[in-house]
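The values are calculated or read from the model by the stated rules, or taken from the named source; none is laboratory data. Given the structure is predicted, the values throughout are model-derived calculations rather than measurements. Cβ placement follows ideal geometry from the backbone for every residue including glycine, while neighbour counts extend to all protein chains displayed.
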Amino acid sequence: MAPKVQGAWNLHNLTRDKPLDFFILFSSAASLLGSPGQGNHVAANTFLDSLAHYRRSQGLPALSINWGVWSDIGAAAKRQVDAQMKARGIGAIAPQQGLDILEKLFTEESTQVGVVPINWPQFLASGATSPYFEDFAQTKETKQREASELRQQLTDILPQNRLSFLVNHLQEEVAPILGLKTNPNPQQGFFDVGMDSLMAVEMKDRLETGLSVTLPSTVIFEYPTINALAEYLVEEMFPSQWESTGVKTKINNEETSLSQTLEEDINASQTLEEDSAIAQELEELENLLKNRNND
């Protein structure tokens, strides 16, 4: 406890008159969620959080980040704490993901931010009964109800209509994540329209919650368009009906048709360019002949 408290306070006193751009404190999710048997750890990180709020009240820069467990590196990884946390519904932060989040937080105005991957239904079911989590419990119930309704809609509609239904649903999910005012083109790549790794994680989490499915962490990278992702989801959620509906054949035919159309457009464009070039050459020859006749 003492190193964190004294170290942070010393940094505060030694830099309070300096024109700092950032004063970032690495706190722990323990001060948000609690950590049985680690009262000193919780108290030390709570001090960091309080110091950040105190500095902001004094007009000084400050941000306290309540980090969850990181995978692969750090003391928690060495003690395999991530396995214990996973049993409570708390995931681990991959190093690159953590760096991406840190980079984003540099531009935020928040004083305190918790960065913790949490499976709320599992976490709350593990015995987290504090009033602090009441809002999350309500959110969990609402999302579960919405997910159940969406899944039921998919089950009830005709199999051949499921793909188009999911494409529309994905467009509505992707648009707010990317900050778009209109639904994106389902054939355009996610990363071509501005999606980054953090947005990809958010997208995956929203799909898992909304559709009541478990998806691989790389799903957005492996299926990087709305059409491709919708096909994958239909195949995963209704495997027995996927091939029998002929939906996949339809999509392949549509993609083939699109490719043929694009090829025809390109050929037409090339023909127009050639015609234009020929017309220009004829015009130049005509002008040359006119000049000779005038001479």
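When 14, 32 are checked against the criterion of being among the aliphatic types (A, V, I, L, M) and either at pLDDT 90 or above or more than 22 Å from residue 102 (Cβ to Cβ) (or both), 14 stands alone in meeting it. The listed residues are 38, 97, and the only one of them that is buried (at least 19 other Cβ atoms within 10 Å of the Cβ) and at pLDDT below 95 turns out to be 97. If the condition is being of a type in the set (A, V, I, L, M, F, W, C) and either part of a loop (DSSP other than H, G, I, E, B) or closer than 13 Å to residue 228 by Cβ (or both), then the range 171-194 contributes 174, 180, 190, 191. Scanning the range 26-40 for residues that are among the small types (Gly, Ala, Ser) and part of a helix (DSSP H, G or I), we see that the one that is farthest from residue 113 (Cα to Cα) is 39. Here is a check on your reading of the model: is residue 3 closer than 23 Å to residue 107 by Cβ and loosely packed, with under 12 Cβ neighbours inside 10 Å? No.
Kindly indicate whether any position in the range 48-71 is surrounded by fewer than 15 Cβ atoms within 10 Å (Cβ to Cβ), modelled with pLDDT under 85, within 28 Å of the chain's Cα centre (by Cα) and not hydroxyl-bearing (Ser, Thr, Tyr). Checking the range 48-71: not a single residue is surrounded by fewer than 15 Cβ atoms within 10 Å (Cβ to Cβ), modelled with pLDDT under 85, within 28 Å of the chain's Cα centre (by Cα) and not hydroxyl-bearing (Ser, Thr, Tyr). If you go through the range 212-226 and keep only what is over 21 Å from residue 149 (Cβ atoms) and part of a loop (DSSP other than H, G, I, E, B), you end up with 216, 217, 218, 223, 224. If the condition is being buried (at least 17 other Cβ atoms within 10 Å of the Cβ), farther than 15 Å from residue 167 by Cα and either in the same structural domain as residue 95 (by TED's automatic domain parsing) or touching a residue at least 24 places away in the same chain (Cβ under 8 Å) (or both), then the range 178-230 contributes 195, 201, 209. Within the range 145-178, being at pLDDT below 80 and over 22 Å from residue 234 (Cβ atoms) holds for one residue alone: 145.
Just one of (1) surrounded by fewer than 15 Cβ atoms within 10 Å (Cβ to Cβ); (2) more than 21 Å from residue 114 (Cα to Cα); (3) touching a residue at least 24 places away in the same chain (Cβ under 8 Å) fails for residue 43. It is (2).
Are any residues in the range 6-25 surrounded by fewer than 18 Cβ atoms within 10 Å (Cβ to Cβ) and under 16 Å from residue 112 (Cβ atoms), and if so, which ones? If the condition is that a residue be surrounded by fewer than 18 Cβ atoms within 10 Å (Cβ to Cβ) and under 16 Å from residue 112 (Cβ atoms), then 22, 24 are the ones that fit.
For the range 13-25, check the following and say yes or no: at least one residue is touching a strand residue (DSSP E or B) at 6+ places or on another chain (Cβ under 6 Å) and either under 18 Å from residue 70 (Cβ atoms) or not in a loop (DSSP other than H, G, I, E, B) (or both). Yes, some residue in the range 13-25 is touching a strand residue (DSSP E or B) at 6+ places or on another chain (Cβ under 6 Å) and either under 18 Å from residue 70 (Cβ atoms) or not in a loop (DSSP other than H, G, I, E, B) (or both).
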